[in-house]
Amino acid sequence: QVQLVESGGGLVQAGGSLRLSCAASGRTFSMYTMGWFRQAPGKERDFVAGIRWTGGSAYADSVKGRFTISRDNAKNTVYLQMNSLKSEDTAVYYCAAGRMLVVHRDSWDYWGQGTQVTVSS
């Protein structure tokens, strides 16, 4: 099993930046694909970005060019650098771990508790 704890969320003005962190413990971190999802009020939990243990990554179209996912296997940590934030980025952001880099949330095995990101205008 894997335990995931997100941090770094908060309130930021439109156009600003935040960096989210997800610290993992339990099973060997490096063998997992890691990802970020987000869920706005009344909406489904949607894929944002993912990164394989080899370093290959993928992004939702809505965040391409603005968000960057990275990982530090030595620190058992995955990051999401969010730049040029928009009001529509407001959501609870969840860290996830799984076997494959896929967009469907049901295919991911472990989840963090979520961290709130609010972008004000």
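The values are calculated or read from the model by the stated rules, or taken from the named source; none is laboratory data. Remember, it's a predicted structure, so these values are computed and weren't measured experimentally. Backbone-built Cβ (ideal geometry, glycine too); neighbour counts: all protein chains shown. Protein only, heavy atoms only, side chains kept; ligands, DNA and RNA dropped before computing areas. Shrake-Rupley method; radii C 1.70, N 1.55, O 1.52, S 1.80 Å.
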Item to complete: Could you check D72 against (1) at pLDDT below 95; (2) of a type in the set (D, E); (3) within 16 Å of T118 (Cα to Cα) and say which number it fails?
Response: (3)
Discussion item. I'd like the residue in the stretch 62-110 that is of a type in the set (S, T, Y), under 12 Å from F47 (Cβ atoms) and outside any loop (DSSP other than H, G, I, E, B) and, out of all such residues, is farthest from the chain's Cα centre (by Cα).
Written reply: S107
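Run down A58, A49 and say which single residue is open to solvent by less than 60 Å² (accessible area, probe 1.4 Å) and either within 20 Å of T118 (Cβ to Cβ) or part of a loop (DSSP other than H, G, I, E, B) (or both).
None of the others qualify; the one that does is A49.
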Discussion item. For the stretch 10-37: of the residues being closer than 15 Å to I51 by Cα and more than 15 Å from the chain's Cα centre (by Cα), which is most open to solvent (accessible area, probe 1.4 Å)?
Written reply: M31
